[in-house]
Amino acid sequence: MNTALSMQIETGDQIVTVSAGVCGESTDLSSDEHLSIWGSRGRLQYESDRRAESVSSLRIVRDGRPTYETSFEGVSSDNPTMSKLRDFVEATVSGTQPTISGEVGVVLAELRAAIRESWEEGTTVDVASRLDDREHVTNPFEE
C-alpha cells in the first residue's frame, strides 16, 4: 500500500496546505507515515518508520530554516491497523462505543470518495459541500 494525499483547507482568510503519505507492507500490517502541514511562513513535518523500532521525528521549519527538530522512539509498539481492529472488536463484544465514532467514519469515507473523484476527473473536489449534503454529519470544515 502506497498512498499520498494533498489538500488545501480554507480557514477564514487563510489557506493551509496539508500533505500526507502512508507506505505500508501488507505482510505485517505496519506502515510508515508522513504528514506535512504547510503555512505561508513554514511547515510542520512528522515522519514515522515502523520498521525502525517505532522511531519518529518532528521538524518545524520557519522562513526556510529548521527551528525545531527532534526524534523519539517507542511512541507506540502497536501498529495503527491492529489498534483499530482491536478497538472495533472490543466495542462490539462489550457493547460500548468505539473510540472513533461512526460519524468520523462517514467523514473519512466522503473524503476518500472525493480523493478518488479528484483523481479520476483530474479536478479539485469541494469536500465541505459534500458533507453539507449529509444532514446527520457534522461538517468539520465549517467555522
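The values are calculated or read from the model by the stated rules, or taken from the named source; none is laboratory data. This is a predicted model, so every value here is computed, not measured. Heads up, the Cβs are rebuilt from the backbone with ideal geometry, glycines too, and the neighbour counts pull from every protein chain shown.
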Subject >> Residues within the stretch 16-34 that are hydrophobic (A, V, I, L, M, F, W, C) and either touching a Gly at 6+ places or on another chain (Cβ under 7 Å) or at pLDDT 75 or above (or both), tallied >> reply: 2
Original post:
Can you name the condition, by its number, that residue 83 falls short on among (1) at pLDDT below 75; (2) surrounded by 11 or more Cβ atoms within 10 Å (Cβ to Cβ); (3) of a type in the set (Ser, Thr, Tyr); (4) closer than 23 Å to residue 6 by Cβ?
Top reply: (4)
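Let's see how each residue does on (1) at pLDDT 80 or above; (2) in a helix (DSSP H, G or I); (3) of a type in the set (Ser, Thr, Tyr):
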{"position": "93", "(1), (2), (3)": "yes, yes, no"}
{"position": "104", "(1), (2), (3)": "no, yes, no"}
{"position": "108", "(1), (2), (3)": "no, yes, no"}
{"position": "114", "(1), (2), (3)": "yes, yes, no"}
{"position": "117", "(1), (2), (3)": "yes, yes, no"}
{"position": "123", "(1), (2), (3)": "yes, no, yes"}
{"position": "129", "(1), (2), (3)": "no, yes, yes"}
{"position": "134", "(1), (2), (3)": "no, no, no"}
{"position": "138", "(1), (2), (3)": "no, no, yes"}
Original post:
Given the conditions (1) touching a strand residue (DSSP E or B) at 6+ places or on another chain (Cβ under 8 Å); (2) among the hydroxyl-bearing types (Ser, Thr, Tyr); (3) modelled with pLDDT under 75, and given that residue 77 satisfies all but one, which numbered condition is not satisfied?
Top reply: (1)
Original post:
Given the conditions (1) modelled with pLDDT of 75 or more; (2) within 23 Å of residue 33 (Cβ to Cβ); (3) touching a helix residue (DSSP H, G or I) at 6+ places or on another chain (Cβ under 7 Å); (4) of a type outside the set (Ser, Thr, Tyr), which single one is not true for residue 97?
Top reply: (2)
